[in-house]
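Data first, discussion second: the structure below is written as structure tokens.
We did not get these values from a lab; they are worked out from the coordinates using the rules stated. Note that this is a predicted model, so its numbers are computed, not measured. Here Cβ is always computed from backbone atoms with ideal geometry, including for glycine, and neighbour counts include all displayed protein chains.
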Amino acid sequence: MRILISGAGIAGLTLAALLERLPVQVSVVERALNLNHVGYMLGLWPLGSRVLHGLGLYDRFAALCPVAEHYEVRDDHGQVIKNWSMEPLNTRFGPSLSCTRPQLVNLLHSALQRADVRFGVSPQAIRQDGDQVEVLLDDGSAGTFDLVVGADGIHSTVRSLVFDDPSAYDTGWGGWVWWAHGPDLPTHTYVEHWGVGRFCGLYPTSEGVGVYAGAPHDDAWAQDGPGRAHRLRERFGDMGPLVTSALNDLPGDDAELFYWRLNDIRAPHWRQGRVVLLGDAAAAFLPTAGIGASMAMESAAVLADELGRTDAARLEHALALYEQRRRQRVERVQDDSRHLARAMFMSSGTLAHLRDVATKFYSLEQLAGSIAKSFDEPI
């Protein structure tokens, strides 16, 4: 079986690594020139990290990552609303790990022994002819495959070439991301400040604390270059001591920072013939629950499982089973991420006050909703 994976992100590399055990030919193409600039921080729930056990990578990964021992929500001025212990979940299912995206992507890439991986290349045209898929790449080369997997992210090229446009969900918010290293910043606790018209999250990794400072999106707030640092300090400077410490490490206006629009997509179809979508290309996640990477790895594991129990002649049936096993679970968890976004990102002081009072009475399982239930559901 000849398989082309478009996208060397978490979903694509997880699938490629799992397929190493099968008698298939795997090619991976990635539009980026290398893996040097592949993102910031992420959390990996046991839903995703347990896939690494099957790859023999878990111990190496866990050695890189601090365990998330607590999840803490603070109010608009830095006062603690609620601190949840992660210990019950960590004990029962395995630790929730906090890492940088490069750490995970490079670890997955290191597991590839047979796959042909090419950087700086992306599909330009895809044509299905019977049991084969012909792909023209934008470097002028071409190939014929039994299966093409679009694992190329929220702005998937494969999806745009083959599928209908996805539905989009926009929170109306966006924010800036940077690294902070202050000694008083959290080391094993995710801390989020749920403000009024502003939000600041602090997420520890072994490489520093990832900071996300968000607010309702507009052109002025998203403007890069001169004035960026001033706008951030002006908006977040009174949000409490942890945020002040993070702002002390805010790079100057000439530094490259990532502006993250908080939106997601949901593809109406995951498969068409012998082309299938995986990870963010099928259903992208808001970062609110830290679940996107775990869902992508689970989906890759299910797709690899179905491919391992078929041959090229019956491939389309395996793809149908993959979608049947994954779509409902993924979209349910995606809905939870959207619900959390509506709670986290508020501009009304009255509603934010009511939210803060209600949050004190929530358990972590109640807050996480379907995500918590997913731990006990087979995939």
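Given the Cα atoms of segment 95-154, and with Rh set as the inverse mean 1/r over their pairs in the Kirkwood sense, what is Rg to Rh to two decimals?
On the Cα set of segment 95-154, Rg over Rh gives 1.08.
Calculate how steeply helix 101-110 sits against the longest principal axis of the alpha-carbon atoms of the chain, using the helix alpha-carbon long axis, and give the answer as 0 to 90 degrees to the nearest 10.
Roughly 30 degrees between the two axes.
Just grab the label-to-label distance for ASP218 and LEU354, each label 7 Å out from Cα along the Cβ direction, in nm (one decimal).
2.5 nm
Please give, to one decimal in nm, the separation of the simple spin-label points placed at GLU87 and ARG266, each 7 Å out from Cα toward the Cβ.
3.8 nm
List the GluC sites (Glu not before Pro) in segment 245-345 that DSSP assigns to loop (not H, G, I, E or B) and whose Cβ has at most 14 other Cβ atoms within 10 Å. Which are they?
Numbers: sites: GLU256, GLU298, GLU306, GLU316, GLU323, GLU331; in loops: GLU256.
Loop-located and lightly packed - GLU256.
Between ALA32 and GLN328, what is the FRET efficiency for a Förster distance of 45 Å, r being their Cβ-Cβ separation, to the nearest 0.05?
Values: r = 32 Å, r/R0 = 0.71.
The calculated FRET efficiency here is 0.90.
Just need the relative contact order of segment 30-145 here, percent rounded to a whole number, with Cα pairs under 8 Å and 6+ apart.
Relative CO of segment 30-145 lands at 31 percent.
With all pairs of different alpha carbon atoms counted, what Kirkwood hydrodynamic radius in Å does segment 1-49 show? Present the calculation step by step, with values, prior to reporting the outcome.
Details: mean 1/r = 0.0811 Å⁻¹.
Computed over Cα pairs of segment 1-49, the Kirkwood hydrodynamic radius comes out at 12.3 Å.
Taking a quarter of the surface of the convex hull around the Cα atoms of segment 138-182, what do you get in nm²?
Mean projected area of the Cα convex hull: 6.8 nm².
As an exercise, identify the trypsin sites (Lys or Arg not before Pro) in segment 262-351 lying in DSSP coil whose Cβ has no more than 13 other Cβ atoms within 10 Å.
Numbers: sites: ARG266, ARG271, ARG274, ARG309, ARG314, ARG325, ARG326, ARG327, ARG329, ARG332, ARG338, ARG342; in loops: ARG274, ARG309.
Here the sparse-neighbourhood loop sites are ARG309.
Determine the calculated [θ] at 222 nm for the chain from helices alone, applying -39500 (n - 2.57) to every DSSP H run no shorter than 4 residues and normalising by the residue count; nearest 500 deg cm²/dmol.
Working: 13 runs with 134 residues, N = 379.
One gets -10500 deg cm²/dmol as the mean residue ellipticity at 222 nm.
Kindly provide the pair-distance distribution of segment 198-319 built from C-alpha pairs, with 5 Å bins from 0 and whole-percent values in order of increasing distance.
With a bin width of 5 Å, the distribution comes to 2, 9, 15, 16, 14, 11, 9, 8, 7, 5, 4, 1, 0.
Take every Cα pair under 8 Å in the chain that's 6+ residues apart, average their separations, divide by the length, and report that relative contact order as a whole percent.
On the way: 775 pairs, mean separation 80.9, N = 379.
Result for the chain is 21 percent.
Give, to the nearest whole percent, the P(r) tail of the chain beyond 39 angstrom, counting all Cα pairs.
Working: 12059 of 71631 pairs.
Cα-Cα pairs in the chain separated by more than 39 Å: 17 percent.
Determine the dipole magnitude for segment 34-78: charges of +1 sit on the beta-carbon of Lys and Arg, -1 on that of Asp and Glu, nothing else is charged, the reference point is the Cα centre, and the result goes in debye to the nearest 20. Numbers along the way, then the final one.
Details: 3 positive and 5 negative charges, 64 e Å.
That gives segment 34-78 a dipole magnitude of about 300 debye.
For the chain, take the longest principal axis of its alpha carbons; what is the angle in degrees between that and the long axis of helix 315-344, to the nearest 10 within 0 to 90?
Here the helix axis deviates by roughly 10 degrees.
Antiparallel DSSP bridges in the chain: what percent, to the nearest 5?
Working: 50 of 71 bridges.
So the antiparallel bridges amount to about 70 percent of the total.
Taking the Cα centre of the chain as origin, work out the dipole magnitude from +1 charges on Lys and Arg Cβ and -1 charges on Asp and Glu Cβ, in debye rounded to 20. Walk me through the numbers on the way to the answer.
Details: 34 positive and 46 negative charges, 130 e Å.
Here the size comes out at about 620 debye.
So how much slack lies between ARG338 and HIS188, counting 0.36 nm per residue of separation and subtracting their Cα-Cα distance, in nm? Show your work: numbers first, answer last.
Numbers: separation 150, 0.36 × 150 = 54.00 nm, distance 2.52 nm.
Taking 0.36 nm per residue and subtracting the Cα distance, the gain is 51.5 nm.
Would you work out the relative contact order for segment 90-230, in percent, from Cα pairs under 8 angstrom that are 6 or more residues apart? Don't jump to the answer; show the numbers that get you there.
Working: 162 pairs, mean separation 24.0, N = 141.
Computed value for segment 90-230: 17 percent relative contact order.
Under a crude label model (7 Å from the Cα following the beta-carbon direction), how far is ARG309 from SER363 in nanometres?
Taking the two extended label points, one gets 3.3 nm.
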